[in-house]
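Participant: Can you keep this structure in mind? I'll have questions shortly.
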Amino acid sequence: MTDWYKMNPVDWNDGTEDLTLEQEAAYLRICHAIYITERPVRDNGFVIAGLLRCNDRRAKRLVSELVGLGKITIENGFISNRRAVEEVSNRSRTRVERKSAGSRGGVESAKVRAKALKDNDVAQAIASTHVEPEERREEESRRETLTPYKPKRFANPCVVLQSVVDPMTAQRFVGHLEEKRRPLTSQSAEMMVETLREVQALGGNPSEALHLAIKKGWLTLDIEYLRNAGFKFSKPAPQANVNWAERVKAFKEEGLWPMGWGPRPGDPGCKAPAELIGE
């Protein structure tokens, strides 16, 4: 797992100028996932929906659009990006080379130290290494002062979930995923918190939503799956504002029409306004 990666903002802007803001955000999160895990992302509806912080249908649409635009590829059940995979490969090779060099340096350093001890008088070596208890304590105190504090990079996923559900429910869900051999990361927990807040905004109970997920054996949570499972919301789902003009424009200019948009223009059942298709 990595802390950072090289990114040229000018190159990124040039390479994404043909993307919408939503497509660019999805593309960035997929690239981030590859850099963080150092491998392609599994093409799984639950995984992608959680990664892109949206429902399964919207996630599939975004992935389909990015594939059509040549930004990502799907091979053998994994979503990949050539540039990201090459960067990960180069970074892994550099890490191995540095580790090997460090190991060789340590061996040579040990030989030098051994020779120095052998050449010195035994009594002198003992005297040079003897440190009084008080001096030792001062030395340890000095080292503690000079050593910078390194905060933990990742929060406890259970604690993250507790921002919206009770501790017992959070612990149960974390334990559920551990039993499934899919332990929850802090990043995934933060994504789930966003979904749970959406559940709350729709009048649902976040804790009950997690209990249902455990009962169903789900590995993540999605509003659409909750509705299909009969979960009760007191408020109706907000109506999505569909920009049919942009969709039809994309179809005419690039031939792009993801399956999530329904039948294509000209096919029976197409939901796009006839006046836009006929323009």
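Participant: Using the per-residue mean of other Cβ atoms lying within 10 Å as a proxy for protection, in what order, highest first, do the peptides 84-91, 160-167 fall?
Facilitator: Top of the packing list down: 160-167, 84-91.
Participant: Right, next: Among Val174, Val47, what's the order by accessible area (1.4 angstrom probe), most exposed first?
Facilitator: Solvent-accessible surface, decreasing: Val47, Val174.
Participant: Computed over the Cα atoms of segment 177-232, what is the convex hull's projected area averaged over all directions, in nm²?
Facilitator: With the hull built on Cα positions only, its mean projection is 3.6 nm².
Participant: What length, rounded to one decimal in nm, is gained on full extension from Ala201 through to Ser89, with 0.36 nm per residue of separation minus their alpha-carbon distance?
Facilitator: 36.1 nm
Participant: Another one. Evaluate 2.2 N^0.38 Å with N set to the residue count of segment 39-78, then give the Cα radius of gyration divided by it.
Facilitator: Normalised Cα radius of gyration, segment 39-78: 1.07.
Participant: Run the Debye formula on the Cα coordinates of segment 154-209, all scatterers equal and no solvent, and tell me log10 I(q)/I(0) at q = 0.29 1/Å.
Facilitator: -1.21
Participant: Could you compute how much accessible surface Asp267 exposes when probed at 1.4 Å, giving the result in Å² to the nearest 10?
Facilitator: We get 70 Å² for Asp267.
Participant: Please compute the modelled spin-label separation between Lys180 and Arg39, points set 7 Å along Cα→Cβ, answer in nm with one decimal.
Facilitator: Between Arg39 and Lys180, the simple spin-label model gives 1.8 nm.
Participant: Rounded, prolate or oblate for segment 5-45? Axes are the square roots of the Cα gyration tensor eigenvalues, ordered a ≥ b ≥ c, and the cut-off for rounded is a/c under 1.5.
Facilitator: Taking the square roots of the gyration eigenvalues as a ≥ b ≥ c, segment 5-45 is oblate.
Participant: Given a cut-off of 30 Å, name the pairs among Lys71/Lys271; Lys71/Lys215; Lys6/Lys71; Lys99/Lys180; Lys6/Lys60 whose C-alpha atoms lie farther apart than that in the structure shown.
Facilitator: Lys71/Lys215; Lys99/Lys180
Participant: Considering only protein heavy atoms, what is the solvent-accessible area of Trp257 at a probe of 1.4 Å, reported in Å² to the nearest 10?
Facilitator: Using a 1.4 Å probe on the heavy atoms, I get roughly 20 Å².
Participant: Hey, another quick one. How do Lys215, Lys71, Lys271 stack up against each other in accessible area, from largest to smallest, with a 1.4 angstrom probe?
Facilitator: Lys215, Lys271, Lys71
Participant: Any chance you could look up the accessible area of Tyr27 with a 1.4 Å probe, heavy atoms only, rounded to 10 Å²?
Facilitator: Approximately 30 Å² for this residue.
Participant: Full extension from Glu17 to His32: what is 0.36 nm times the residue separation minus their Cα-Cα distance, to one decimal in nm?
Facilitator: Result: 3.5 nm gained on full extension.
Participant: For segment 1-89, which whole percent of the accessible surface, found with a 1.4 angstrom probe, sits on carbon and sulfur atoms?
Facilitator: Answer for segment 1-89 is 49 percent, counting heavy atoms of protein chains only.
The values are calculated or read from the model by the stated rules, or taken from the named source; none is laboratory data. Owing to the predicted nature of the structure, the values given are computational and were not obtained by experimental measurement. So basically every Cβ, Gly included, is an ideal-geometry build from the backbone, and we count neighbours across all protein chains shown. Ligands, DNA and RNA are excluded from the accessible area calculation, which covers all protein heavy atoms including side chains. Shrake-Rupley method; radii C 1.70, N 1.55, O 1.52, S 1.80 Å.
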